[in-house]
Amino acid sequence: MAWNEPGGGNQHDPWSSGGRRGGNDGDGNRGSNNGGGNNGNKGGNNQGPPDLDEALKKFQDKLNSMLGGGKKGGGKKTGGGSDKNRNPFALPGLLVVVALAIWAAMGFYLVDQSERGVVLRFGEYQDTVNPGLQWNPPLIDDVRMVNVTRVRSLSQTQSMLTRDENIVEVEISAQYQVANPRDFVLNVRDPAISIENALDSALRHVVGGTDMIDILTSGREILGSSVASRLQSYLDNYGAGIRLQTINIESTSAPEPVIDAFDDVIRAREDRQRTINQGIAYANAIIPEAQGQAQRIVEQGQGYRESVVAEAQGQANRFNSLLTEYTNAPDIMRERMYLDTMEDVLGNSPKVLLDVSENAPLMYLPLDQMRGRSGNQGRSSSSDSSDEQLDPNVLERLRNTQGSSSSSSNTNSSSIRREGR
């Protein structure tokens, strides 16, 4: 029979050890499990399974004792009384301490090396914290992290009007960094949209003041530098706390419907420039040569001038010397000047003049033939023909008077010497 079967005499608890099994007591009566029996077995080992309610009650008693409360009469209420030593503010105080500890722990945070923290206390700027472990009261201070080393980029493509009323498409990109975290967080609501609008404004302003051909060809670098300076001035006026790194003009082109025509214009300009360069190269090659020839002609003219002046000065000096001699001996100098003049005049003439009078014997010397031997063949042939044209009678007379001419020539030479003296 089970230990707790109804009507059974065996009411033994299996968790108890050495319990009474309904035997006779000291008076010979069977024992019973009523209240009097329980009180009579207060000191026994009657242990049962753990009771959850009893465990919770024990925990509450311990907590009350920690908070300053106590039990009266072994934790039982007697006579309808209450615990007079319990502190009603103990539990709320404990909860407040725990909440404060959690609140203080939530205030710790770590700032990365590439970041700066902007501290706002009730929405007002308080401080900018540096990298490291920081603490600020939560729910009071709002810390906004800003990366100050990352390079942000922005690119856009716009169609705009140039100064010469043409439309051009420009693709531009910008790189920037945060220079002032406080201004970056507080002065501008959306920095990305602000710099995009500022870039568009600066680009349109610069392109509107430039011709299209300059934008498409050689003016791209000037366009980029102008846009960069203007955009930085805009951002400084906004107080955005942004510093530009670079501005790149990625591409510039004409609108798609007219791009072929503009390509033809560009090629024509390139051909024009190439022709100009070829002309410049030819001029650089010709001008030095012409300058050299001009310099040579100038030097020849200077040499000719100097030679003519020197010759004139020599003739003047010769005339002065002849004048002095003429003053001393007029007749002799007159005869000498006459002979020199006739020599100069008749020296280049191929004609020979002879005196055919009988009283003036003369020996003929073929000077023209002697000259022809040193000259060309044509002149020698002409001199031979002139000898053949001489009169035979003249030749005969010359042969007859050859003997007597020597004596007369000696006489004439002696007279000439005397005149020369």
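The values are calculated or read from the model by the stated rules, or taken from the named source; none is laboratory data. Owing to the predicted nature of the structure, the values given are computational and were not obtained by experimental measurement. For neighbour counting, all protein chains shown are included, and Cβ atoms are generated from backbone atoms with ideal geometry for every residue, glycine included. Quick note on the areas: whole protein, heavy atoms, side chains included, nothing else; ligands and nucleic acids left out. Shrake-Rupley method; radii C 1.70, N 1.55, O 1.52, S 1.80 Å.
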Using a Förster distance of 30 Å, the FRET efficiency for SER251-ASN187 (Cβ separation, nearest 0.05): 0.35
Per residue Cα convex hull volume in Å³ - calculated over region 165-284: 123 Å³
Solvent-accessible surface ranking, highest first, for ARG267, ARG272 at 1.4 angstrom: ARG272, ARG267
Environment charge at GLU171 (Cβ cut-off 15 Å; Lys +1, Arg +1, Asp -1, Glu -1): -3
Gyration tensor (alpha-carbon) shape descriptor, region 234-282, a/c threshold 1.5: oblate
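Please arrange TYR125, TYR238 by accessible surface area, largest first, computed with a 1.4 Å probe and ligands excluded.
Numbers: TYR125 70, TYR238 120 Å².
Accessible-area ranking of TYR125, TYR238, largest first: TYR238, TYR125.
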Residues with amide H under 5 Å from that of GLY241, placed H, sequence gap 5 or more: none
Point-charge dipole on Cβ atoms (K/R +1, D/E -1) for region 103-257, about Cα centre, debye to 20: 520 debye
For LYS57, solvent-accessible area (1.4 Å; no DNA, RNA or ligand), Å²: 110 Å²
Label point distance in nm, ASP200-THR149, each placed 7 Å from Cα along Cα→Cβ: 3.4 nm
FRET efficiency, VAL258 to SER173 (Cβ-Cβ, R0 30 Å, nearest 0.05): 0.75
Which of SER349, SER321 is most accessible, then next, and so on - probe 1.4 Å: SER321, SER349
Extension gain (nm, one decimal) between LEU161 and SER229, 0.36 nm per residue minus Cα-Cα: 22.4 nm
Span from the region 245-295 Cα centroid across to the region 121-140 one, whole angstrom: 62 Å
Stretch gain in nm, segment GLU335-ASN237, where the contour uses 0.36 nm per residue and the Cα spacing is subtracted: 24.3 nm
Only Lys, Arg (+1) and Asp, Glu (-1) charged, at Cβ; region 200-346 dipole about Cα centre in debye: 560 debye
